[in-house]
Amino acid sequence: MITQEEPADSQRQLRIYRRSVIALSLLSIILIFSFFFREEVFKFINPKEPVKSAAVGNTPFDRHVAEAGISTCKKAFADMGKLLTQGSQYKIMSKWSTDGPDRNIVNALIGMEFKTKEYTGPAIGLLMAAPVDSSCQGTMVRVTPFEKTCDDVVKSFLGDGIPGGRLQGLQTYSLPNGGDVATLPIGGNCVTLSLAYSGI
């Protein structure tokens with residue numbers, strides 16, 4: 001039997017595609033609960049060039065909460081957005097309710113591209129903030145595909161993480177800042193799901 005080996009570029013593209021499908025599947029589960037608005041607004045930031053995370057003060061996160069008329073979660077949403085996208089170029093899509101923006105959740109889906117010493121490649125994030133009484137609680141999620149094993153990812157990025165429980169065989173870690181990370185091995189590669197919280 002004669003076999004033909006696929007070009008290295010094709011194999012790499014296939015690996016990236018598979019990891020992207022898995023990452024987006026995880027985010028789709030998280031997004032399900034957010035579709036309860038009676039009235040919705042979608043706001044796209046889609047400039048010719050992605051936004052640089054170095055911008056402060058007048059970021060898309062600041063502009064979106066201002067446009068939505070959100071006050072309770074204004075600072076938390078913007079601060080978490082800046083933290084989530086730090087070190088990347090990004091584009092975002094925000095969603096909020098026009099029927100009482102200060103009584104409902106506001107969220108954003110963020111596509112990121114990192115070019116750092118530690119990591120070069122894409123990531124996708126989800127940012128959610130909701131008013132609770134007179135305060136705000138929020139969660140941000142980042143899904144990152146790595147072309148290395150989960151053991152290598154843990155050694156490189158989670159040296160201060162404390163191993164937690166296993167979820168259906170997937171290892172979790174607790175971070176000193178209160179966040180959590182789950183690692184998903186995909187063949188010889190790894191996808192990380194990072195979570196951080198505000199006001200919880």
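Derivation of every value follows stated rules applied to the coordinates shown; laboratory data play no part. Every value quoted in this text rests on a predicted model; they were computed, and no experiment measured them. Cβ sites come from the backbone with ideal geometry, for glycine too, and all protein chains shown count toward neighbours.
The table below lists the values:
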| item | result |
| --- | --- |
| Per-selection Kirkwood Rh - region 37-198 (Cα, Å, 1 d.p.) | 16.7 Å |
| Calculated FRET value between Glu113 and Ser135, using beta carbons and R₀ = 45 Å, to 0.05 | 0.85 |
| Per-residue Cβ neighbour rank within 10 angstrom, fewest leading, Phe146, Phe77 | Phe146, Phe77 |
| Computed E for Glu147/Gln86 - FRET, C-beta separation, R0 30 angstrom, nearest 0.05 | 0.85 |
| In sequence order, calculated HN-Hα J values of region 141-152 (Karplus, 6.51, -1.76, 1.60; Hz; x Gly/Pro) | 10, 10, 10, 10, x, 10, 8, 7, 6, 5, 4, 5 |
